[in-house]
Amino acid sequence: MLLNGRPVSRETHQRLEHFAQLFRKWAKRINLVAPSTLEELWSRHIADSAQVFHINPQSAEWVDLGSGGGFPGIVTAIMLAERNEGFVHLVESNQKKAAFLRVALLECEARGSAHPVRIEEAQKEILHCDMISARALAELNLLLRYSSSWMIDKSCRALFHKGRDYQREVEKARSDWDFDLIIHPSAVENDSVILEISGLRPKV
């Protein structure tokens, strides 16, 4: 089985298939993604989300901010299940979406837990992580503020999906922050990237 041209086990593919079925079922009741993108669930959302795991396939403790419908957090948690190591903390303040995330984690036997709290509260609950992810949540400057307590003076890195306007967001964020940046072109969407950020520190 291949995902983004990379092999995944039959068990992982089955878990992703089950997640897709659950997603479509729940999406009829609550707004998990824009309805117009449901027909592209695999390419637009699942395959796109899997890219963050492919950038960092090592076992790690993740925090996924604003997990929403589970992208990329649930996909990462499913990929980690194949290794039987690593863990994803999915932070989602919307109670209905958090309920969906809990069901998806359980039924897909994924390695993670849902935190139905605001990001500011999650910082008090989750004291350490190795990786942070977020997709379609906020501009980079705000994402860095959300992530700062986990990243400043620590080895934690962040992987943020961004669209074609990412250069403007990076320039704006550099007015408030210093950080190291690696730009990974998206294997799924033209003009999209994943920003890998480390060494975060506030401007003095």
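Quick notes on this structure:
- Considering segment 29-46, the residues that are modelled with pLDDT under 85 and aliphatic (A, V, I, L, M) include one that is farthest from Ser198 (Cα to Cα), namely Leu38.
- Of all residues in segment 81-93, none satisfies the criterion of being open to solvent by less than 10 Å² (accessible area, probe 1.4 Å) and at pLDDT below 95.
- Under the condition of being at pLDDT below 95 and of a type in the set (D, E, K, R), the residues counted in segment 136-170 number 4.
- Residue check for Gln58: at pLDDT below 95 and open to solvent by 20 Å² or more (accessible area, probe 1.4 Å): yes
Rundown of residues vs (1) exposed (fewer than 14 other Cβ atoms within 10 Å of the Cβ); (2) under 17 Å from Pro72 (Cβ atoms), yes/no style:
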| site | (1), (2) |
| --- | --- |
| His128 | yes, no |
| Ala134 | no, yes |
| Asp153 | yes, no |
| Val170 | no, no |
| Pro185 | yes, yes |
| Arg201 | yes, no |
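- Every condition in (1) closer than 19 Å to Glu196 by Cβ; (2) of a type outside the set (A, V, I, L, M, F, W, C); (3) in contact (Cβ under 8 Å) with a residue 60 or more places away in the chain; (4) open to solvent by 10 Å² or more (accessible area, probe 1.4 Å) is met by Ser49 except one, and the failing one is (4).
- Being of a type in the set (Gly, Ala, Ser), open to solvent by 20 Å² or more (accessible area, probe 1.4 Å) and farther than 24 Å from His54 by Cα holds for only one residue in Ser113, Ser149, and it is Ser149.
- Answer residue from segment 24-46, given it is among the polar types (S, T, N, Q) and open to solvent by 50 Å² or more (accessible area, probe 1.4 Å) and is farthest from Pro185 (Cα to Cα) among those: Asn31
- Residue in segment 71-93 that is of a type in the set (S, T, N, Q) and under 24 Å from Pro185 (Cβ atoms) present: yes
- Strands (runs of 3 or more DSSP E) completely within segment 124-204 that count 3 or more residues being more than 16 Å from the chain's Cα centre (by Cα): 177-185, 193-202
The values are calculated or read from the model by the stated rules, or taken from the named source; none is laboratory data. Worth saying up front: this structure is predicted, and the values here are computed from it rather than measured. Every residue, glycine among them, receives a Cβ derived from its backbone with ideal geometry; neighbour counts consider all protein chains shown. SASA here: full protein model, heavy atoms, side chains in, ligands and nucleic acids out. Shrake-Rupley method; radii C 1.70, N 1.55, O 1.52, S 1.80 Å.
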